[in-house]
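J.: Input: one structure, supplied below.
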Amino acid sequence: MSLMSNLSTSMISSSSSAFLAPISFNSSRTQSVSVPVKSIKIIKCVATPQEQQTAYKTKVSRNANIAKLQAGYLFPEIARRRAAHLLKYPNAQVISLGIGDTTEPIPEVITSAMAKRSHALSTLEGYSGYGAEQGEKALRAALASAFYGNLGIEEDDIFVSDGAKCDISRLQVVFGSDVTMAVQDPSYPAYVDSSVIMGQTGQFQKDVEKYANIEYMRCTPENGFFPDLSSVARTDIIFFCSPNNPTGAAATREQLTQLVKFAKDNGSIIVYDSAYAMYMSDDNPRSIFEIPGAKEVAIETASFSKYAGFTGVRLGWTVVPKQLLFSDGFPVARDFNRIVCTCFNGASNISQAGGLACLSPEGLEAMQEVIGFYKENTKIIVETFNSLGFKVYGGQNAPYVWVHFPGRSSWDVFSEILEKTHIVTTPGSGFGPGGEGFIRVSAFGHRENVLEACRRFKQLYN
């Protein structure tokens, strides 16, 4: 019954004053005044559930290759778990030694050059728009001189970019979906993920934690973290990183000579990631092009990220020698140039000004100081885990420490450390099945944080 059905229609007026004026009620049976509100019945309004609406869907199929990927990319997943931990412990002082993100300020000799270039853009004389997709000539010449002097690498072999990670995916576009690939196990996850996305692999095989059609080159303490090439099947592309992320191992000259010979014998192309070359302490090659014959079988990617703190500035480069040819004799560099011109408008002119400053005598010295700082952090971490009786690898030629927890799940160790010490590390299995039972500890951190983290490690495992 509606509320208004108990009220006389004569009581309702279109004038608002009718609601404000006194209202009288007549009754032939009593002298008392009845109060209409008492005869009002309360009605419950119960919402009936609407039919569940189905979200609109397009008719475009999802990329089946992306659907093969397992969970999220490693480092966003770690960030998600860190955020969940902070919700649970909002007052915790979390120390991040997980993702390899630099923490120390960029040297002023470098930032002042970027500031000068940035300010010049506000003048008619200094303004510039689109630049050369391959990078500014002066920077490419400086890179050739600083990193490849006497190695036969020329400025037109170098492609300046927004980082090595981006170039890895651009190279995958050059190679296409009809190639086979090999990767160190464990290794930086971008190699495998980009291969999956391009359609070079089969489905993920959960029983062995591997994708089908990828050759996983097992790198263990027993083989010095260099694969037994005699047991590696022939593939078109070989991804190889030295000093290695995550193990920190650096390949010797003899080992890289074997790798180049292996690639030549099989007609393969090596994609050599040298992102940590300046951390090398041993007398090992800093470039694959130090090996005779490498220009005919190798590409090299590199970056300023871990040298100058450019993880946010974004600047790297890739070397594609003119001697490197596809099976039909077509230069690989020409196809890479086409991809760069199609997919990329060139690195920021401000970033390139910073890169040029990095390669000045003052800039090189400043970068060495930053690298030296992180290497001191590495030494502190290595000594800490050694004192606790752990088997520790890496740290000598890279800013990563590879710690063995035999018989344990990497993610379990990650969770244990995060829960009990509020320290973020990286589970080794995130770099491939060969990383199970290890964690990677990054040396990128403020000194006080590294010292505090080591104190907590000792408290947990002593």
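The values are calculated or read from the model by the stated rules, or taken from the named source; none is laboratory data. Note that the structure is predicted; figures quoted are calculated from it, not measured. Using ideal geometry, Cβ is built from the backbone for each residue, glycine included, and neighbour counts are taken over all protein chains shown. Note: accessible area is taken over every heavy atom of the protein model, side chains too, but ligands, DNA and RNA are not part of it. Shrake-Rupley method; radii C 1.70, N 1.55, O 1.52, S 1.80 Å.
J.: So which pairs qualify, if the first residue must be in the stretch 355-376 and under 16 Å from R140 (Cα atoms), the second must be among the charged types (D, E, K, R) and open to solvent by 20 Å² or more (accessible area, probe 1.4 Å), the Cβ gap must be under 8 Å, and the two must be at least 6 apart or on different chains?
T.: What qualifies is L356/E136.
J.: Something else: Answer with yes or no whether P433 is within 21 Å of the chain's Cα centre (by Cα) and either at pLDDT below 95 or surrounded by fewer than 17 Cβ atoms within 10 Å (Cβ to Cβ) (or both).
T.: Judged against the criteria, P433 is a match.
J.: Right, another one. Just checking, how many residues over the stretch 83-129 are of a type in the set (D, E, K, R), surrounded by 11 or more Cβ atoms within 10 Å (Cβ to Cβ) and either at pLDDT below 95 or part of a loop (DSSP other than H, G, I, E, B) (or both)?
T.: Within the stretch 83-129, residues that are of a type in the set (D, E, K, R), surrounded by 11 or more Cβ atoms within 10 Å (Cβ to Cβ) and either at pLDDT below 95 or part of a loop (DSSP other than H, G, I, E, B) (or both) number 2.
J.: N386: modelled with pLDDT under 95 and either of a type in the set (S, T, Y) or surrounded by fewer than 20 Cβ atoms within 10 Å (Cβ to Cβ) (or both), yes or no?
T.: So N386 does not fit the description; no.
J.: Follow-up. Find the residue count for the stretch 149-167, including only residues that are surrounded by fewer than 22 Cβ atoms within 10 Å (Cβ to Cβ), assigned to a helix (DSSP H, G or I) and either touching a helix residue (DSSP H, G or I) at 6+ places or on another chain (Cβ under 8 Å) or of a type in the set (D, E) (or both).
T.: 3
J.: Given the residues A277, A249, A302, which is the only one that is within 21 Å of the chain's Cα centre (by Cα) and under 22 Å from S231 (Cβ atoms)?
T.: A249
J.: Keeping to the stretch 168-193, report how many residues are more than 13 Å from V271 (Cα to Cα), in a helix (DSSP H, G or I) and not aliphatic (A, V, I, L, M).
T.: Within the stretch 168-193, residues that are more than 13 Å from V271 (Cα to Cα), in a helix (DSSP H, G or I) and not aliphatic (A, V, I, L, M) number 2.
J.: I would also like to ask the following. Tally up the residues in the stretch 327-354 that are part of a helix (DSSP H, G or I) and without any contact (Cβ under 8 Å) to a residue 24 or more places away in the chain, please.
T.: Residues meeting the conditions: 3.
J.: May I pose another question? Go through the stretch 49-69 residue by residue and tally those that are touching a residue at least 12 places away in the same chain (Cβ under 8 Å) and open to solvent by 80 Å² or more (accessible area, probe 1.4 Å).
T.: Adding up the residues that qualify gives 0.
J.: Let me ask another. Give the residues of the stretch 189-212 that are over 23 Å from V340 (Cα atoms) and in contact with a helix residue (DSSP H, G or I) (Cβ under 7 Å, 6 or more places away or on another chain), sorted by residue number.
T.: T201, Q203, F204, V208, E209, K210, Y211
J.: Are any residues in the stretch 436-462 open to solvent by less than 10 Å² (accessible area, probe 1.4 Å), part of a helix (DSSP H, G or I) and more than 13 Å from V403 (Cβ to Cβ), and if so, which ones?
T.: V450
J.: Provide a single number: the residues in the stretch 178-199 that are within 12 Å of T235 (Cα to Cα) and open to solvent by 10 Å² or more (accessible area, probe 1.4 Å).
T.: 3
J.: Can I ask one more? Given the conditions (1) small (G, A, S); (2) open to solvent by less than 20 Å² (accessible area, probe 1.4 Å); (3) over 22 Å from the mean Cα position of the chain (by Cα), report the number of the one that A398 does not fulfil.
T.: Result: A398 passes all but (3).
J.: Next question. With the structure loaded, tell me whether A84 is touching a helix residue (DSSP H, G or I) at 6+ places or on another chain (Cβ under 6 Å) and without any contact (Cβ under 8 Å) to a residue 24 or more places away in the chain or whether it fails that test.
T.: no
J.: Taking the stretch 409-430 as the search range and keeping residues that are among the charged types (D, E, K, R) and touching a helix residue (DSSP H, G or I) at 6+ places or on another chain (Cβ under 9 Å), which one is least open to solvent (accessible area, probe 1.4 Å)?
T.: Looking at the filtered set, the residue picked out is E416.
J.: Another question, if that's okay. Within the group A132, A142, which residue is farther than 30 Å from L451 by Cα, modelled with pLDDT of 95 or more and open to solvent by 10 Å² or more (accessible area, probe 1.4 Å)?
T.: Result of the check over A132, A142: A142.
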